[in-house]
Amino acid sequence: VNWIPCTDPSRFGPAPVQERLSCMARNNSIYVVANIGDKKLCDSSDPGCPGDGRYQYNTDVIFDTQGKLVARYHKYNLFRSETHFNYPKEPEAVTFETPFGKFGIFTCFDILFYEPAVVLVSKMQVDTVLFPTAWINVLPFLTAIEFHSAWAMVMGVNLLSANTHNTSMEMTGSGLFTPEGPATYHYDSATNEGRLLLAELSAQPRLSSTYPPATNWSSYATSIKEFPGENYTFSGAVRKDIFTFSELRHKDGNYTVCQEDLCCHLVYEMSDKSKDEVYVLGAFNGLHGSLIKYHWQICTLLKCPSTNLSTCGQPVETAQTKFKMFSLSGTFGTSYVFPEVLYSGVQLAPGEFEVLHDGRLKSKHGTSEPLITATLFGRLYKKDQPHPL
């Protein structure tokens, strides 16, 4: 509807939250995005109507520079703890036009699914995605800053990620991410202080001269034979996913690890191999999750917490080993493969790695900081899958 709550606050009954958000936008001539709850009444004519006569949605609202409500999104992919919310009958692909590009929006867990996340980029051709989130960091592959930055790179859009900052719940890490890497980001697990992030981004990144070309993620890995060598493998769990690992026993070498039809290849050289630190090459190809299951393919160069191989796959936040070079590739069965490089202290490595056309994730000039993980994280989508719940 054509509604400016700031100037017409009582049109639909009391709306103090929307009035305040609208006035923030109008009085400062900015767009304002907020995550709120939304209640929709229903009755017995709707067979899906909850017993209390209302649907409740995890909702994003967007106000333009005049304070007008220009878009509203109901979250579709609810996380397991969101039992107090309903999901809409159909996923919503919400977009809106601005003087600085076409925007789309979704919330938190949505980013791991085809609808609406991939649809907004591939079919709706948005330039920038707004992403309110309460993201629980999960090392080694799913901390907010590493995955959200990788998502923006692979999807070829700007991702404006605004995360709740709650260190007691492992929720930290926000950023303004572009196809070329992070424009700015903030990660702080030590304090509960927030931070305002500012950066200048390309309004239409697809038209930028630095826009990354398309990648054939399996081209190189399928063109070579398995690397020979000391490829003794063992199993280890990353959370509940059972990986196939091989220990990197030397300062440099070539390794291949396979799991089912996924083979991961690594060429590497460490600056100095510490006796106190163990790194492995790992592969995982299978379903992740218990209540909600989705298919991952993962190739990872990973630091273990200790020299005891049974600990490999458990969370690590610090390291001491730097690499002169690494090149990681895999025989992926998807075009959605997210490249992640994470340094000691849970920090990103902007400008220090590249993805070649043939699917290799390579360091440019070695790692300037000790490495926690270098990962190619593949997501296989079932485009017509039913709702995960």
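The values are calculated or read from the model by the stated rules, or taken from the named source; none is laboratory data. Keep in mind the model is a prediction, meaning the values are calculated, not measured. Methodologically, a virtual Cβ is constructed for each residue, glycine included, from the backbone with ideal geometry; neighbour enumeration extends over all protein chains shown. What goes into the accessible areas is simple: the full protein's heavy atoms, side chains included, and nothing from ligands, DNA or RNA. Shrake-Rupley method; radii C 1.70, N 1.55, O 1.52, S 1.80 Å.
Between 120, 69, the distinction of being touching a strand residue (DSSP E or B) at 6+ places or on another chain (Cβ under 8 Å), within 30 Å of residue 26 (Cα to Cα) and open to solvent by 30 Å² or more (accessible area, probe 1.4 Å) belongs to 69 only.
Total residues in the range 27-57 satisfying the condition of being within 27 Å of residue 131 (Cα to Cα) and open to solvent by less than 90 Å² (accessible area, probe 1.4 Å): the figure is 15. Annotation note: of 156, 181, 175, the sole residue that is under 12 Å from the mean Cα position of the chain (by Cα), farther than 23 Å from residue 239 by Cβ and either buried (at least 20 other Cβ atoms within 10 Å of the Cβ) or not aromatic (Phe, Trp, Tyr) (or both) is 175. For beta carbons closer than 6 Å, sequence separation of 6+ or different chains, a first residue in the range 1-13 that is in the same structural domain as residue 25 (by the TED database) and free of Cβ contacts under 8 Å to residues at least 40 places away in the same chain and a second that is outside any loop (DSSP other than H, G, I, E, B) and surrounded by 11 or more Cβ atoms within 10 Å (Cβ to Cβ), the qualifying pairs are 9/19. The condition of being of a type outside the set (Phe, Trp, Tyr), at pLDDT 95 or above and in a loop (DSSP other than H, G, I, E, B) holds for only one of 162, 203, 183, that being 203. If you go through the range 237-260 and pick out every residue that is open to solvent by 20 Å² or more (accessible area, probe 1.4 Å) and assigned to a loop (DSSP other than H, G, I, E, B), you end up with 6.
Would you mind finding the one in 313, 289 that is touching a residue at least 24 places away in the same chain (Cβ under 8 Å) and assigned by the TED database to the domain that holds residue 234? Exactly one residue qualifies, and that residue is 313. Those strands (runs of 3 or more DSSP E) of the range 261-368 in which 1 or more residues are crowded, with 23+ Cβ neighbours inside 10 Å occupy 262-270, 279-288, 294-303, 323-330, 337-343, 361-363. Among the residues of the range 167-190, just one is within 10 Å of residue 148 (Cβ to Cβ), hydroxyl-bearing (Ser, Thr, Tyr) and out of contact with any His (no Cβ under 7 Å at 6 or more places or on another chain), namely 185. Answer with yes or no whether residue 6 is among the hydrophobic types (A, V, I, L, M, F, W, C), touching a Gly at 6+ places or on another chain (Cβ under 9 Å) and assigned to a helix (DSSP H, G or I). Judged against the criteria, residue 6 is not a match. Within the range 124-139, is there a residue that is open to solvent by 20 Å² or more (accessible area, probe 1.4 Å), more than 30 Å from residue 349 (Cβ to Cβ) and at pLDDT 95 or above? So far as the range 124-139 goes, yes, one or more of its residues are open to solvent by 20 Å² or more (accessible area, probe 1.4 Å), more than 30 Å from residue 349 (Cβ to Cβ) and at pLDDT 95 or above.
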